[in-house]
Amino acid sequence: MEDRLIIFDTTLRDGEQSPGAAMTQVEKVRIAKALERLKVDVIEAGFPIASQGDYEAVQGVARTIKDCTVCGLCRTAYEDIDRAAEALKDAPSMRIHTFIATSPIHMKAKLRMKPEEVLEAAIKAVKRARQYTDNVEFSAEDAIRSDGEFLCRVVEAVIDAGATTVNLPDTVGYGLPDTIGTFFREIIERVPNSDKAIFSAHCHNDLGLAVGNSLAAIKSGVRQVECTINGLGERAGNASLEEIVMAVRTRQDAFECDTRIDTAEILNCSRLVSTITGFPVQPNKAIVGANAFAHESGIHQDGVLKHRETYEIMRAEDVGWNSNRIVLGKLSGRNAFRTRLKEIGIEFPRQEDLNSAFKRFKELADRKSEIYDEDLQALVKDTETMTANERIKLVAMRTESETGEIPFAAVTLAIDGDERSSEESGDGQVDAAYSAVESIVGSGATVQLYSVNAITTGTDSQGEVIVRIERGGRIVNGHGADTDIIVASVKAYVNALNKIMFAVHREHPQASELTP
Ligand code: KIV
Ligand code: ZN
């Protein structure tokens, strides 16, 4: 059995299917570069047929990444496959990933297809994809709830048709570690040509078991796992890359394989994904949460000081924790700024974008003496947001709050260059400011989630605000950062409004499937 475990990262595709996590081409390329430094094997960059934007994002990743295979998702329709192949064609190494559902409930209620039709569509899709590349992955969506007999026929047929990787997803996060382990062992044993393909697990986290289920699958012979940074993904998310990688690395006594991941890049990647998507990492999250290596209790601290391994099974520095270094300050020049950005994987192709980020850095450094990597990531995200041709822009704002008085906000926005102002009161300053913005814009959107995080430690930290809004069933996240959290809140709201009011609709890959 192979001793190499392939890490297939789907942060840019399945991760992006989380409500409000849609990414731009620039953001996808930036995350892809971080994934390349992390040394994942395969980057699933998107679903090219979904929209022109996603097509270009996949193309951008394919043209940038040199050291990973770049993959695009498609349904079984020829149109989907051709579009994915076109988007991927400049990648030094490409993979086409085609899928169709095989469970009775999906075939009947969603596809309205008979099992034999699904089988035929799967074979045709793999053959079509093989016309473009010899690296073809087939996924049997909802495999875990599929009939074993039928699934074995599909798997055998797609391998015969040329699939080199067969992915059997737990699409709805229904499996348990022991049943998933048995499931993979049996399929691999029963399918006569199973040695001609690599088997892959793709587990969702609805019962909080995605990582445990993926590890069970590895023990049963699976040699590719599909996962995402921070466990981002549909509903409760996908299996978390950092947890799988560190479990396999730390427990080499229990696994017969390992990855090529450079674990020291994990934290940087996690922070980047969190900033870009607007999904904060919970403090007690394994590996990348702020408390993951913090020893609060006296007994633990005493033990760790005497002998680290009393309470630590991994070294914080091995996953990229390096005691919050101050990286830049007020006196740092343009060169130091650009160099540090490059070191954390951020490059500006256009000089004017670098200039505008540098100007904002100087403004920030005037207010905050110590600038950390996290500040830089938030600043860059914020600069891109402000310069992204947003049609609604924050021009000025003022808020007032006093004990016993009703909070008040006055906001001026420019909509397509036309300045409008409003004043409102509210339960707090944020509430008042949001009411003022809404009275100018009249979006009708409702706020579903509002969160403020201190980007670094200390009361001079920048506040990073994520706001999720919904309108007509569409959900988007807005992001804003500032040392003043009310300003950060309004920036985040304006960012979300720009997306919900003006961005184009994208198709969801699993909402419907077409047949060739
Ligand atoms: O969860 C799932 O089944 C998927 C497939 C499209 C691979 O994401
Ligand atoms: Zn999935």
Checked A62, A129 against criteria (within 16 Å of V29 (Cα to Cα), within 27 Å of the chain's Cα centre (by Cα) and away from ligand 2 (no atom under 16 Å from the Cβ)); the one match is A62
Would segment 183-195 turn up any residue that is without any contact (Cβ under 8 Å) to a residue 40 or more places away in the chain, within 16 Å of ligand 2 (Cβ to nearest atom) and either in contact with a helix residue (DSSP H, G or I) (Cβ under 9 Å, 6 or more places away or on another chain) or among the aromatic types (F, W, Y) (or both)? no
Out of (1) surrounded by fewer than 22 Cβ atoms within 10 Å (Cβ to Cβ); (2) within 16 Å of ligand 2 (Cβ to nearest atom); (3) part of a helix (DSSP H, G or I), the one I180 does not meet is (1)
It is to be established whether one or more residues within segment 211-227 are assigned to a loop (DSSP other than H, G, I, E, B), surrounded by fewer than 22 Cβ atoms within 10 Å (Cβ to Cβ), within 16 Å of ligand 1 (Cβ to nearest atom) and not β-branched (V, I, T). no
What is the residue count in segment 228-240 for residues that are assigned to a strand (DSSP E or B) and within 14 Å of ligand 1 (Cβ to nearest atom)? 2
Take the residues of segment 2-21 that are more than 16 Å from ligand 1 (Cβ to nearest atom) and either assigned to a helix (DSSP H, G or I) or over 12 Å from the mean Cα position of the chain (by Cα) (or both): which is nearest to N205 (Cα to Cα)? L5
From the option list I475, I466, I485, single residue qualifying as in contact with a helix residue (DSSP H, G or I) (Cβ under 9 Å, 6 or more places away or on another chain), of a type in the set (A, V, I, L, M), closer than 30 Å to E141 by Cα and surrounded by 15 or more Cβ atoms within 10 Å (Cβ to Cβ) is I475
Every listed condition ((1) crowded, with 18+ Cβ neighbours inside 10 Å; (2) small (G, A, S); (3) at negative phi) holds for G162 save (3)
What pairs can you find where one residue is in segment 20-37 and free of Cβ contacts under 8 Å to residues at least 40 places away in the same chain and of a type in the set (G, A, S), the other is part of a helix (DSSP H, G or I) and surrounded by 19 or more Cβ atoms within 10 Å (Cβ to Cβ), and their Cβ atoms are less than 6 Å apart, with a gap of 6+ or different chains? A32/V61
Has segment 116-126 got at least one residue that is closer than 29 Å to A91 by Cβ, within 16 Å of ligand 2 (Cβ to nearest atom) and either in contact (Cβ under 8 Å) with a residue 12 or more places away in the chain or not hydrophobic (A, V, I, L, M, F, W, C) (or both)? no
P19 fails exactly one of the following numbered conditions: (1) within 25 Å of T165 (Cα to Cα); (2) surrounded by fewer than 20 Cβ atoms within 10 Å (Cβ to Cβ); (3) out of contact with any Asp or Glu (no Cβ under 8 Å at 6 or more places or on another chain). What is the number of that condition? (1)
When (1) more than 16 Å from ligand 2 (Cβ to nearest atom); (2) touching a residue at least 60 places away in the same chain (Cβ under 8 Å); (3) under 15 Å from L119 (Cβ atoms) are applied to I198, the one that fails is (3)
Only one of I144, I159 is within 21 Å of I218 (Cβ to Cβ), over 27 Å from the mean Cα position of the chain (by Cα) and modelled with pLDDT of 95 or more; which? I159
Can you report the number of residues in segment 241-286 which are over 12 Å from the mean Cα position of the chain (by Cα) and not in a loop (DSSP other than H, G, I, E, B)? 16
Matching residues, segment 1-27, being within 13 Å of ligand 2 (Cβ to nearest atom) and acidic (D, E): D9, D14, E16
Being of a type outside the set (F, W, Y), within 16 Å of ligand 1 (Cβ to nearest atom) and more than 14 Å from A62 (Cα to Cα) is the requirement here; does T24 meet it? no
Which number in (1) among the basic types (K, R); (2) surrounded by fewer than 22 Cβ atoms within 10 Å (Cβ to Cβ); (3) away from ligand 1 (no atom under 16 Å from the Cβ) marks the one condition that R271 misses? (2)
The condition from (1) surrounded by fewer than 17 Cβ atoms within 10 Å (Cβ to Cβ); (2) within 16 Å of ligand 1 (Cβ to nearest atom) that K108 misses is numbered (2)
Counting only residues that are among the hydroxyl-bearing types (S, T, Y) and closer than 29 Å to T259 by Cα, which one in segment 53-90 is surrounded by the most Cβ atoms within 10 Å (Cβ to Cβ)? T69
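The values are calculated or read from the model by the stated rules, or taken from the named source; none is laboratory data. Please read all numbers here as calculations on a predicted model, not as lab measurements. Positions of Cβ are backbone-derived with ideal geometry, glycine not excepted, and every protein chain shown enters the neighbour counts.
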